[in-house]
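Nothing in this text is a laboratory measurement; each read-out follows from the coordinates by a stated rule. Because the structure is predicted, anything quoted here is derived from the model rather than measured. Cβ sites come from the backbone with ideal geometry, for glycine too, and all protein chains shown count toward neighbours.
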């Protein structure tokens, strides 16, 4: 609704009024977000280009199939859905804070900003768990010298290539050194008593190989090394946005509590913060799509 | 219906009307949640297809295209409703949306390029024959000599 009648023949670009009828700060926030969208877009498109250029890529349902406290249960998509819903919900509380700001309701803004901050922290906690899980994971993969070794998922190692055939695995086991065989046999004994390692080390190579093959070891080729770099780079860049968004939200929460926006007569800062926070949610829609769904 | 009484700047002569209730916000929340659940269902369908003996690659591709479209729908609702871009005046909307259309070229050109690289990799002319996944590389005769 117009608060002031606009005379006909108004020269919009002569200064003294906003051609877009939006404050300078909000226009600039939009343009910053547009440029940030291109940054994220370039990262994701680069990832897509590399993924399209190789014959085999890590299957997200195998890489991201675990859940905190669920042990080795195979739960594809479960944890990332939790993260997605946390972010959607914190987006809703943010837009509700903006809504309360339009109505100059300080208590309402405080309440919803607080919930938004909690959502952001919960998301960061989930991401920290997921990163730790990948970086400390133990997956048996074929090394370039033909032996088997235990690899985590890092920017330098990707154990998520194609599965080894049974024959390939047997010949790889023959050339795998003793310590690696012990370590591999040890990974198949999750939850076993602590003395197991010494008992395994005393076994001969052939006994270890027999034990590993009867336990049904799952071993893979190494995948393209770019996987870890793209995953940690892009989710890290997004996580950094979430982190900075949480910091900005905390500052706005304090300013709201101190009554700065009541003195100013409007809650437009909450709107601008909200734009940034929704953008973080928007980027997650595409990170979720590119890394976890397809 | 509360009228707009906040004066942000004297340069602004117009402010979108903000309705008193939050119905639209919650409707958008449910919409985003339902779309996400559909996406997850499709993701699980893809997972189950891949588990099978002979995965139907065309069906997988169709499902992947579907989740891409659903993600774009989610992006539209977040930007339009949550970020209130739909409430701004048309010129403002256009200065954001028109530059972003560059992405149409950006996505097509670069994925096409990636695909061309894979095709090259799988020929004799490929600069780096992929020895790691021999069983996955389609066998091609060197017909281009």
Quick one: angle between helix A:205-214 and the longest Cα principal axis of chain A, in degrees between 0 and 90, rounded to 10, please.
60
Using 19 Å as the cut-off for backbone N distance, which residues of the stretch A:197-220 belong to the label zone defined by a point 7 Å from the Cα of residue A:189 along Cα→Cβ?
A:197-218
Semi-axes in Å, largest first, for the stretch B:89-128 (Cα gyration tensor, √(5λ)) are 38, 5, 4
By average Cβ neighbour count within 10 Å, what is the ranking of A:271-280, B:86-95 from highest down?
A:271-280, B:86-95
With label points built 7 Å along Cα→Cβ from the Cα atoms of residue B:45 and residue A:133, find their separation and express it in nm.
2.5
So if the hydrodynamic radius of the stretch B:36-87 is defined as the Kirkwood radius over C-alpha pairs, what does Stokes-Einstein give as its diffusion coefficient at 37 °C and 0.692 mPa s, in µm² per second?
267
Along each principal axis, Cα extent of the stretch A:30-186, largest first, Å
73, 36, 20
Apply 1/(1 + (r/R0)^6) to the Cβ-Cβ distance of residue A:143 and residue A:167, taking R0 = 22 Å, and write down the FRET efficiency to the nearest 0.05.
0.80
Translational diffusion coefficient of the stretch A:67-109 at 37 °C, 0.692 mPa s, Stokes-Einstein with Kirkwood Rh over Cα pairs, in µm²/s as a whole number.
262
Equivalent ellipsoid semi-axes, the stretch A:249-294, via Cα gyration tensor eigenvalues times 5, rooted, Å
33, 9, 4
As an exercise, use a Förster radius of 45 Å and the Cβ-Cβ distance of residue A:197 and residue B:53 to find the FRET efficiency, rounded to the nearest 0.05.
0.70
What does the convex hull of the Cα atoms of the protein assembly as shown come to per residue, in Å³, rounded to a whole number?
176
Cα radius of gyration and Dmax for the stretch A:139-220 (Å):
12.4, 35
Distance (nanometres) between label positions extended 7 Å along Cα→Cβ at residue A:210 and residue A:111:
7.0
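What order do you get for A:284, A:129 when you list them from fewest to most C-beta neighbours inside 10 Å? All intermediate terms of the calculation are to be shown ahead of the outcome.
Values: A:284 25, A:129 15.
Exposure proxy ranking, most exposed first: A:129, A:284.
Packing-wise, with mean Cβ within 10 Å as the measure, how do B:70-76, A:203-209 rank, highest first?
B:70-76, A:203-209
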Using the Cα gyration tensor of the stretch A:170-266, with a ≥ b ≥ c the square roots of its eigenvalues, what is the shape: rounded (a/c below 1.5), prolate (a/b larger than b/c) or oblate (neither)?
prolate
Looking at the square roots a ≥ b ≥ c of the eigenvalues of the Cα gyration tensor of the stretch A:45-96, which shape do they give, rounded for a/c under 1.5, prolate if a/b is larger than b/c, or oblate?
oblate
I want to check the label-to-label distance for residue B:97 and residue B:9. Put each point 7 Å from Cα in the C-beta direction and report it in nm to one decimal.
2.3
Helical contribution to [θ] at 222 nm, DSSP H n ≥ 4, -39,500 (n - 2.57), averaged over the protein assembly as shown, rounded to 500
-20000 deg cm²/dmol
